[in-house]
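Everything on this sheet refers to the single structure shown next.
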Amino acid sequence: MIMKRFAITLTACLISICAAAQGVLSVESESAVLDNGNVEILITVNLEPQWYIYSTEPVKGGPMATSLTAADNGPYTLEGTLRDTETPHTKIDPGFQMEVKYFENSVRFAQTLRPSTTEKFTFKGWLEFQTCNGMECLLNEEEISVDINPSAAPAAAETLTAGAESGATNAGRGFWGFLLIAFLAGLAGVITPCVFPMIPMTVGFLIGGGSTRRAGILKGVIFGLSIMVIYTLLGLIVALFQSTAATDAIGTHWIPNLIFALLFIIFAVSFLGAFEITLPSGLANKADREADKGGYIAAFFVALAMVIVSFSCTGPFVGSILAAAVLDGVALRPIVGMAVFGLGFSLPFVVLSFFPGVMKKLPKSGGWLNMVKVVFAYIMLAFAMKFLYNIDAYFGWGIITRLGFIATWVVLALLLGLYFLGVFRTSHDSPTDGIGWGRHIAAIVCITFAFYLIPGLFGAPLQSISGLIPPMDGSTLTLSQGNAASPESGNNAAASGYSTLKSYTDLDEALAESKATGKPVFIAFKSHTCSVCKQMEATVLSSAAVMERLSGDFVIANLYVDDKTEDAEFRTLGRRYRDLELRQFGSASQPLYAVVDSEGSTLSGPVGSCSEDEFLAFLNF
């Protein structure tokens, strides 16, 4: 028994050493006490150049998500699961044919636990993760041991974020990008048919009534601040109904996605002229009566009346900002997002109250405002598809496929382009004698975007918009003869004919077959979550020459190093195969291929990811 434990421990150490030599420079862990008495375990993984590690967010049929498992039952309760503290990179993985989230260079993960004692103790666990470099992948199990003192003073915020500059930078970029979109959405709300015609009247109120220039400027500032306060209160209400636990799942749950989809569709149909959306008239009338009283306080009620009256046009912008904020999972974003939206919305009014002469240079209200509504309608229909797809994915119906999604976007983009060209018009559009240069350019942009999407129907990844469209699936059209889908791949992506060959997942059974037939055993060390393994099977192993050799001359053994089947000696069958791979072939990476005889002795290899010619040379030993 002691020898068995020693062997397992030695294997784990060897795998850790191998990991350090292949991709992982170091794994560091520390703890920090939070203000609420909980403890944050912070784990930093430093990677070698060209290597990357996957996020903690699991994706069905995708790569192995980074996770933390407690080794024993200590005086604590884990709060949630391991989570990313940084914003991951995203890309379309050619092996999984889907969008994956990953980190490079250095990344920090966090796990919260609630101590049940004030005494010092040590948390022990296993950090399980996968690293890849495009040529090979490596399953890692790193033992984590962290000393915890629950009675220590809470750590400062700087301590918790130290060492994660890259993640903070990425998160900061995402946050500033969100604020920029919110600000631009506020500005866009001003040029809608509900708001633009009201500019002269509103600015006239701010600077009129015998006011001095200073008084007009002050009323303009009050008006702008009032707009920001009203929208910020709306964001605050939304934020109050969130919790940090709820927002982790809200992005994928069908209820919020259904609400946002219906709102976008209803507003889009309204903008196309089917009906008009208005808030109760009593709200606007009451605000108007208060505004008629004049004075600085009246500036607030003018702002309130503006928000209410313009709701039918600004509602989609507000809904979009709140949707982006809520689905992002950060409770502060609805508040800040609405404040910045209010700033963008009110800024033109404030500027015009400072410089009223600029109003003479503004374009006159006219048919172009109706065109703005139609453009917004098509954009909202496009994004409604995203929410509908999230609902479909939640229930696993498979109704909204990648093919259908992209085809819908192609049709919407083409229709919008034709609308700009004047091929058709809506019921509330004004007749025009011709189209100007602006509409020509807009039409070119829309039709070009449609043609950009069309290759996506035939398997193109469309990486620049991969975050907005569904991942690759079996609905993708193909213009050439393809291979069958792999039952091992865990998804519907096209895979290799190699997987259709008879194979064993138990090495003992494969060796027994080898003794019975006299054929050598072809061993493929792989994992269900190995992207490079899938690429090798879809290219090299599925070629006609390799398939002919494997099917006729070898017993095939697919040994999954992440097999969770229980094993008396190594805890899992995957651990047993990892031990074999490291002990006999001196590697812990996947894919790895070798040929052995019926006794398990090496005849050829090992080889990893390689070309077809190199692989055939390996088989022709």
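Screening residue 366 on (1) within 14 Å of residue 192 (Cβ to Cβ); (2) out of contact with any Leu (no Cβ under 8 Å at 6 or more places or on another chain); (3) at pLDDT 80 or above; (4) not charged (D, E, K, R) shows it passes everything except condition (3). Mind listing just one residue for me: the one in region 563-587 that is surrounded by 20 or more Cβ atoms within 10 Å (Cβ to Cβ) and of a type in the set (Lys, Arg) and, of those, farthest from residue 597 (Cα to Cα)? The selected residue is 575. Checked across region 142-157, the condition of being under 30 Å from residue 79 (Cβ atoms), touching a Gly at 6+ places or on another chain (Cβ under 6 Å) and either modelled with pLDDT of 60 or more or assigned to a loop (DSSP other than H, G, I, E, B) (or both) holds for at least one residue.
Restricting region 569-621 to residues that are modelled with pLDDT under 85 and in a strand (DSSP E or B), the residue that is nearest to residue 515 (Cα to Cα) is 605.
Given the criteria under 20 Å from residue 553 (Cα atoms), in contact with a helix residue (DSSP H, G or I) (Cβ under 7 Å, 6 or more places away or on another chain) and in contact (Cβ under 8 Å) with a residue 12 or more places away in the chain, does residue 607 qualify? Yes, satisfied.
The number of residues in region 384-414 being crowded, with 17+ Cβ neighbours inside 10 Å, among the small types (Gly, Ala, Ser) and either part of a loop (DSSP other than H, G, I, E, B) or within 16 Å of the chain's Cα centre (by Cα) (or both) comes to 1. Consider residue 542 carefully, then state whether it is in contact (Cβ under 8 Å) with a residue 40 or more places away in the chain and farther than 29 Å from residue 100 by Cα. No, not satisfied.
Any idea which residue in region 291-323 is modelled with the lowest pLDDT, counting only those that are among the polar types (S, T, N, Q) and within 30 Å of the chain's Cα centre (by Cα)? Break it down into steps so the answer makes sense when it comes.
So in region 291-323, the residues among the polar types (S, T, N, Q) come out as 310, 312, 314, 320.
Going one step further and asking which of them are within 30 Å of the chain's Cα centre (by Cα), we end up with 314, 320.
Numbers: 314: 74, 320: 67.
It comes out as 320.
Of all residue pairs spaced 6 or more apart or on separate chains, those with beta-carbon atoms under 6 Å, a first member in region 428-451 that is at pLDDT 90 or above and a second member that is not in a helix (DSSP H, G or I) and not charged (D, E, K, R) are 443/421.
Go through region 14-122 and tell me which strands (runs of 3 or more DSSP E), entirely inside it, have 2 or more residues that are within 16 Å of the chain's Cα centre (by Cα) and at pLDDT 75 or above. Give the derivation first.
Working: elements: 24-33, 39-47, 52-54, 67-70, 76-84, 89-93, 98-104, 106-115.
It comes to 52-54, 76-84, 89-93, 98-104.
The values are calculated or read from the model by the stated rules, or taken from the named source; none is laboratory data. In this text the structure is predicted, and so the values were computed from the model without any measurement. Glycine also receives a Cβ, built like all others from the backbone with ideal geometry; neighbour counts cover every protein chain displayed.
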